[in-house]
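The values are calculated or read from the model by the stated rules, or taken from the named source; none is laboratory data. Everything numeric here is computed off the predicted structure, so don't read it as measured data. Here Cβ is always computed from backbone atoms with ideal geometry, including for glycine, and neighbour counts include all displayed protein chains.
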Amino acid sequence: MNSGTAFFSNHPFDRIIRFMKKAVRNFILIITSSVFLLSLMLIPGCTSKRTASEICDDFVQSLRLMDFSSAYSCLWNRTGSISRDSFVNNAKAIIDALGITSISVRDTEIGIEKGYDVFKYTIDYHHGDEFTVSNTASLYIIQDGTNFFLKYNKDMLLKDYRTGSKITRTTLTGNRGEIFTSDKTAIAVNDYSETVTIAVAEETNINVVLNRIAAITGMSAEDMVKVRERYNSAVEHNYGEVAAYVYPKGKLPADKREQLEAIDGVYINDHLTPQRYYPYRELYAHIVGYASTANEEQIKSLREQGFETDIIGKTGIEARYDSLLQPKNGFAYRLYNPDGQFVRTLYEQAAVNGADIILTIDHTLQQEGYYLMSSQLSKKQTGVSIVMDPVTGYVKEQISLPSFDPNIFSFPISDAEYEQLTNEESLAPLVNRVTQGLYPPGSTIKPFTVTPALENGIVERYSIFPYKIKNNQWIPSGTWYWDPVTRNETPDADLHLDTAIRFSDNIYFSWVALQMGGDMFMDYMKKIGIGETVPFDIGVAKSNLINEGTDFNRKMLSDMSFGHGELLLSPIQIASMYSVFRNSGNMVVPRLVEKISKYDSEGNEDVLYQATKEYWKTNVMQTDTIDLLTYSLKRVVTNGTAKALKTEGLTLAAKTGTALKGDNKKQKIAWVCTWYQDMDEERLVVVMVDGPRSSNDHRHDIAKVLLRYGH
């Protein structure tokens, strides 16, 4: 028999055997088919023998339940399909990457495209209430015998997503709002520091490089250890460079830059480390303040407010309006193909920049004021100058001397550096004397001392001082245990109100105060805000009327009448008090911030705040009193203690003041408050100089230039 030839026996027994084998095969086929049909019936979500509409409904319901295995069962698993595991894993990868919490399906529709039945739908992936990523797809409806299925589409879950694709979340960083003067000069901006970097290379001897950098920069041993650790990590992860040392912008000397760049592998990167930058340094330090790295408690507070930044305003406008200056970071979910190439952005929530602040300050006037103060005052003197519109309260110039460079706080400073900024020998340049300095007002208080006496009929304009004065000294009648009340010079006329104001006569105002009594005097001092904190855009120290527990007696009342005793006021409060002469007896709220705005991506402005005129204290001086005092205060300039202010073309009123301090009275505080009178423009100038009694205070010279500026 040929082994390559088929052999079939016709023996009856063989035919019986063949029949039985065929019957067994048919039986097995029937059982297998039954099991397969039963398994189809048991698949969740989608079953056989359903209409096209029912298959679509089951598919949608499975998506909503995020039951992707059941959703897969609705798909036609033949040509062009995908395995169940791949389909489910892709769906779960999308869900996990986007942080999806729920799914909804909308706009479902069965229609016809190119002669074929299709199922259209939009699936919405919801990340809580924060955002939604949507995907619209069309699936062909396939009829296979009596059953209907949906044909797999690669974009059915998410357009362009393929097995192995990656979805990443990227933080979009917002910018802190910037600060500008009224003429749009930028004085607090977002910039970059000067960063010393080391290129990562196998041949680099990091110890040698660090020692050379430390020799030039003064880097500490502790910082060297940290840089070395970062460098070793960079080598391991194949990073390109490591930051070694940071100089605040503009603080890297040219010679050190040259020395550093001469080291192999060392570079200066001017666009690596973000920094809050103050281009005018000392000029605006006490107005703008500074922002720097937040401490742990401040970071916690920022997070509670929804801010992701670690920079916070510490002083000045930066601190007062920090919550408005702070940006809100955005984010973007981006899709990359399996090869790592960017495909598209799935969702983006743009960062929201912080609000910009426009100050009332005039930049050129501020520059002039700083030049005047810094050039006129000696190293032993401190001082303040303020230029304010007394009607609106807009502060046009504000200088506190000495000042400091706020850029040094962009990065941590040493204890020694901080000590230098706060000790008495350096005259504590961090202190904003405009708002935080409290000083005896001296004779600047006198117009306010006499006001309640005039308005209550205690004295009149030409009430002449009735007692004898010997050697410019006077002992009040009645019980008086103390030294005589003294004055600086003998007036050239009878001692009534006009003469007393022109010559700033202490004796006259002591007499007036003693006549009206302590209650009337103290009530009026409280009425004009002494003992309170003047409202302002940066924090102001609370003024002092009298210390708790002080024995208030006739001597104390006499001293307070000409600005001594325990009276202590900030310069900005003095400015507000003197605005009464230009506001019909009301004291204006001083303003430093004119407007706060946010801008969208198209540059549209949303004004969050616009300064309006507001009074702090109202009806503190009657019109008749204002007219009477103004006449005398104008004569202070023409023929009194402020004759040095006389300027052709300007009609001025003014009041000077001097207060001696210290046990030996060798220190003096010199004031001048002056303003335009009977002119179209409004300008009030306050100058205060604190220093040795023997030094020229230059207050009139400074005030005169500030008054004349622009004329």
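Side notes on the structure shown:
- Subset tally (residues that are in a loop (DSSP other than H, G, I, E, B) and more than 30 Å from residue 362 (Cα to Cα)) for segment 253-278: 9
- Taken as a whole, the condition of being within 22 Å of residue 165 (Cβ to Cβ) and surrounded by fewer than 18 Cβ atoms within 10 Å (Cβ to Cβ) does not apply to residue 114.
- From the list 55, 82, the one residue that fits, being buried (at least 16 other Cβ atoms within 10 Å of the Cβ), in contact (Cβ under 8 Å) with a residue 12 or more places away in the chain and not in a helix (DSSP H, G or I), is 82.
- Selected residue (criterion: surrounded by the most Cβ atoms within 10 Å (Cβ to Cβ)) from residues of segment 670-683 that are within 35 Å of the chain's Cα centre (by Cα) and farther than 19 Å from residue 643 by Cβ: 683
- As a summary of the residue check, residue 157 satisfies the conditions (1) touching a residue at least 40 places away in the same chain (Cβ under 8 Å); (2) of a type outside the set (Asp, Glu); (3) outside any loop (DSSP other than H, G, I, E, B) except for the one numbered (3).
- There is at least one residue in segment 459-473 that is over 20 Å from residue 527 (Cβ atoms), of a type in the set (Asp, Glu), in the same structural domain as residue 570 (by TED's automatic domain parsing) and not in a strand (DSSP E or B).
- Of the numbered criteria (1) more than 16 Å from residue 569 (Cα to Cα); (2) surrounded by 17 or more Cβ atoms within 10 Å (Cβ to Cβ); (3) touching a Pro at 6+ places or on another chain (Cβ under 6 Å), the one residue 507 fails is (3).
- The residues of segment 251-266 that are surrounded by 15 or more Cβ atoms within 10 Å (Cβ to Cβ) and touching a strand residue (DSSP E or B) at 6+ places or on another chain (Cβ under 8 Å), listed by number, are 251, 252, 257, 260, 265, 266.
- Where residue 627 falls short, out of the listed (1) over 36 Å from the mean Cα position of the chain (by Cα); (2) assigned to a loop (DSSP other than H, G, I, E, B); (3) charged (D, E, K, R): (2)
- Only strands (runs of 3 or more DSSP E) whose full extent lies in segment 356-453 are considered here, and the ones with at least 1 residues that are in contact with a strand residue (DSSP E or B) (Cβ under 9 Å, 6 or more places away or on another chain), surrounded by fewer than 23 Cβ atoms within 10 Å (Cβ to Cβ) and among the hydroxyl-bearing types (Ser, Thr, Tyr) are 382-388.
- Those strands (runs of 3 or more DSSP E) of segment 279-351 in which 1 or more residues are polar (S, T, N, Q), surrounded by fewer than 16 Cβ atoms within 10 Å (Cβ to Cβ) and assigned by TED's automatic domain parsing to the domain that holds residue 249 occupy 291-293, 342-349.
- Qualifying residue in segment 408-422 (condition: in contact (Cβ under 8 Å) with a residue 12 or more places away in the chain and of a type in the set (Val, Ile, Thr)): yes
- Total residues in segment 183-213, condition hydroxyl-bearing (Ser, Thr, Tyr), buried (at least 20 other Cβ atoms within 10 Å of the Cβ) and under 30 Å from residue 363 (Cα atoms): 1
- Remark: pairs (first residue in segment 660-684, at positive phi and assigned by TED's automatic domain parsing to the domain that holds residue 590; second residue assigned to a strand (DSSP E or B) and among the polar types (S, T, N, Q); Cβ separation under 9 Å; 6+ apart in sequence or on different chains) are absent.
- Subset of segment 443-468 [within 15 Å of residue 626 (Cβ to Cβ) and aromatic (Phe, Trp, Tyr)]: 448
- Checking the stated criteria, residue 598 turns out not to satisfy the condition of being closer than 19 Å to residue 388 by Cβ, in contact (Cβ under 8 Å) with a residue 60 or more places away in the chain, not hydrophobic (A, V, I, L, M, F, W, C) and not in a helix (DSSP H, G or I).
- Scanning segment 553-610 for residues that are on the phi > 0 side of the Ramachandran plot and buried (at least 17 other Cβ atoms within 10 Å of the Cβ) yields 563, 565, 585.
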